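*Asks:* Please see the structure below; I have some questions.
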Amino acid sequence: MVTTGTVPAPGTDLHYVMQGTGPLLFAMDGAGGDARRIPGLVDRLTDSYTVVTYDRRGMSRSPAGDPVPPLTPRTHADDLALLLKSLADEPALVFGTSLGPRSGCTCWPATRSWWTPWWRTNPPSSCS
């Protein structure tokens, strides 16, 4: 079953797609920032995980906001934290490719009890 929805964020709503069964796994795309960009990966994971993909702020179905804030790693990290708080009932896995891990690492210190990083490609060297 596929569920789509939005999570309110300051000045905008963040669009997400949730599908599959099992532990919650957030899959963050790289610079494209669109929930629809990694269908092959999602298809491989949905038998074992409930996979959440989302459109980053300013990308696709998640408007930048009004007024438009600076779209920095901090902004994207704050949005990821809102999604985690809104959708996760227990600690979740977070998977990121390319630019995706930067958002995770930026919000890691304040949210480390909510999720476990699971980087596949290009993990930022400053995340610990």
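The values are calculated or read from the model by the stated rules, or taken from the named source; none is laboratory data. Note that this is a predicted model, so its numbers are computed, not measured. For neighbour counting, all protein chains shown are included, and Cβ atoms are generated from backbone atoms with ideal geometry for every residue, glycine included. Ligands, DNA and RNA are excluded from the accessible area calculation, which covers all protein heavy atoms including side chains. Shrake-Rupley method; radii C 1.70, N 1.55, O 1.52, S 1.80 Å.
*Asks:* Kindly list the number of the only condition in (1) open to solvent by 20 Å² or more (accessible area, probe 1.4 Å); (2) of a type outside the set (Phe, Trp, Tyr); (3) touching a Phe, Trp or Tyr at 6+ places or on another chain (Cβ under 9 Å); (4) in a strand (DSSP E or B) that fails for residue 22.
*Replies:* It fails just one condition, (4).
*Asks:* While we're on this one: Hey, could you check region 84-100 for residues that are polar (S, T, N, Q) and assigned to a loop (DSSP other than H, G, I, E, B) and say which is farthest from residue 19 (Cα to Cα)?
*Replies:* Selected residue: 98.
*Asks:* Okay, moving on. For the list (1) modelled with pLDDT under 85; (2) open to solvent by less than 10 Å² (accessible area, probe 1.4 Å); (3) assigned to a helix (DSSP H, G or I); (4) over 20 Å from residue 12 (Cβ atoms), I need the number of the one condition that residue 105 fails.
*Replies:* So residue 105 meets the others, but not (2).
*Asks:* Looking at 110, 77, 81, which one is at pLDDT below 80, assigned to a helix (DSSP H, G or I), of a type in the set (A, V, I, L, M) and more than 22 Å from residue 21 (Cβ to Cβ)?
*Replies:* 110
*Asks:* Follow-up question, since we're still on this one. Could you list, in sequence order, the residues of region 48-75 that are open to solvent by less than 30 Å² (accessible area, probe 1.4 Å) and either without any contact (Cβ under 8 Å) to a residue 12 or more places away in the chain or of a type in the set (Gly, Ala, Ser) (or both)?
*Replies:* Our first condition is that a residue be open to solvent by less than 30 Å² (accessible area, probe 1.4 Å); within region 48-75, this holds for 50-57, 62, 64-65, 75.
Correct list: 62, 64, 65.
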